[in-house]
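Shown next, in structure tokens, is the structure this report addresses.
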Amino acid sequence: MHGKDYNKQIAKRQKIKGTTLVIGMDIGNEFNAMCLMNKDGEVLSKYPQIYNSRKGFNFFSRIIEDMKKKKGLRDVLIGMEPTGHYWRKIAYFGQEQGYDVRFVRTTALRHQ
């Protein structure tokens, strides 16, 4: 990233509290991948297959709650790109669980 774009990313990261578990989601048709990180972007854990089903969503929630306890975190911020319509179920489920769900455009993160 260059100049202004890099400064925007730093400003956004500084708004995230140290008590927040940050989750990056890669949305797919049958399953989603997720990466759990702390505020500084340190990877805490990765899960390549979270199925798009009630059982998968319960697993997703259990992973998050276990990591919050393990690391003493209180808040959850999930970032995902709204791919097709596949994002809807997991995003709504996350919101129902009280997680902050945000949408990102991956094109905004690529170097120009």
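Results, tabulated for the structure shown:
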{"item": "Spin-label pair residue 102/residue 19, simplified geometry with 7 Å Cα→Cβ offset, distance in nm", "result": "1.8"}
{"item": "For the range 3-108, radius of gyration divided by Kirkwood radius, i.e. Rg to Rh on alpha-carbons", "result": "0.96"}
{"item": "Mean Cβ neighbour count within 10 Å, used as a protection proxy, ranking 89-97, 67-75, 40-48 highest first", "result": "89-97, 67-75, 40-48"}
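No value in this document is a laboratory result; all are computed from the given coordinates. Here the structure is a predicted model, which is why all the values come from computation and not from measurement. All Cβ positions, even for glycine, are placed from backbone atoms using ideal geometry, and neighbour counts span all protein chains on display.
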